[in-house]
Amino acid sequence: MNIKQLTAIAVAAIILGTVAASEVQAMNNALDARQQAIVAIAAFTASGDMGRLTPALHEGLNSGLTVNEVKEILVQMYAYTGFPRSLNGMAAFMKVVDERKAKGILDEIGRDASPIPADLDKDAYGARVRADLSGLKDVPPPAAWQEFSPVIDDFLKQHLFADIFARDVLTRQERELATVAALANMTGTAGQLSYHLGAAMNTGLTEAQMQSFVTVLAAKVGEDEAAIAGEVLEGVLAKRK
């Protein structure tokens, strides 16, 4: 059964009421409630859909994400969706936290990121992180686009893959899950989605979990977005095999 068929069956079952959305995880040997919450938060931050982001933020806290972990998801989103989306998401989260406090809900704040060593070679660190995500043993020579614009490559290595990825509030796996969710809910990002789906699997997410990711997209975000992500994932899996 391919990904598209799996997604269609799961969504139909949810719509018909023959299986609860919470049972999709068990059906697909897949993402747990905490991971599913990361998907929804990242996806709706990327699309700027505040009406759907707010309940996703509540769901994230209810699923066990700490306040600082949710903040970290929203912070990372600026690297992929821009500051406007990220800041709007943070403003929505502030309201959610305040509302929950007013109701007497005491959410776990969680730990802060460990300090980054002052002498960290961010260029080398970021290059190594990117190679790891790409599934490469060695850091490859610069590609054509890196030679064409070295400065954007520097920003990617030193800021995204060093400053941000070195923050240990989230794991690399959680960061990649948030990234693919954001890219899947944006247009014109199929190439980046393809890379990051592979990167997500290189962090340890299994084929079954990535299939579940598509199913979660269908159930929580939209069937069209899930169908596109499913097609991209099929291409990624074919290459890996």
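Is it the case that Asp153 is farther than 25 Å from Gly60 by Cα, of a type outside the set (A, V, I, L, M, F, W, C) and surrounded by 13 or more Cβ atoms within 10 Å (Cβ to Cβ)? Break it down stepwise before answering.
Numbers: farther than 25 Å from Gly60 by Cα: yes; of a type outside the set (A, V, I, L, M, F, W, C): yes; surrounded by 13 or more Cβ atoms within 10 Å (Cβ to Cβ): yes.
Judged against the criteria, Asp153 is a match.
Looking at the range 113-134, which of its residues are part of a loop (DSSP other than H, G, I, E, B) and surrounded by 12 or more Cβ atoms within 10 Å (Cβ to Cβ)? Spell out how you get there, then give the answer.
If we filter the range 113-134 for residues that are part of a loop (DSSP other than H, G, I, E, B), which is where we start, we get 113-121, 134.
Hits for the range 113-134 are Ala113, Ile116, Leu120, Asp121, Ser134.
Kindly indicate which of Ser47, Ser86 is polar (S, T, N, Q), under 22 Å from Arg172 (Cβ atoms) and modelled with pLDDT of 95 or more. Lay out the reasoning, then the answer.
Values: Ser47 fails: under 22 Å from Arg172 (Cβ atoms).
Result: Ser86 is the single residue among Ser47, Ser86 that is polar (S, T, N, Q), under 22 Å from Arg172 (Cβ atoms) and modelled with pLDDT of 95 or more.
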Check: Considering the range 205-241 alone, what residues qualify as being outside any helix (DSSP H, G or I), closer than 30 Å to Arg128 by Cβ and within 14 Å of the chain's Cα centre (by Cα)?
Finding: Leu205
Notebook entry, point to check: Within the bounds of the range 153-164, is there any residue that is more than 25 Å from Arg111 (Cα to Cα) and out of contact with any helix residue (DSSP H, G or I) (no Cβ under 9 Å at 6 or more places or on another chain)?
Noted result: yes
Notebook entry, point to check: Only one of these conditions is not met by Asp153: (1) in contact with a Pro (Cβ under 8 Å, 6 or more places away or on another chain); (2) outside any helix (DSSP H, G or I); (3) charged (D, E, K, R). Which number is it?
Noted result: (2)
Next item on the list: With the condition kept exactly as written, say whether any residue in the range 140-153 is at negative phi and either within 16 Å of the chain's Cα centre (by Cα) or in contact (Cβ under 8 Å) with a residue 12 or more places away in the chain (or both).
Entry: no
Notebook entry, point to check: How many residues are under 16 Å from Arg167 (Cα atoms) and crowded, with 20+ Cβ neighbours inside 10 Å if we restrict to the range 72-112?
Noted result: 6
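The values are calculated or read from the model by the stated rules, or taken from the named source; none is laboratory data. Remember, it's a predicted structure, so these values are computed and weren't measured experimentally. Using ideal geometry, Cβ is built from the backbone for each residue, glycine included, and neighbour counts are taken over all protein chains shown.
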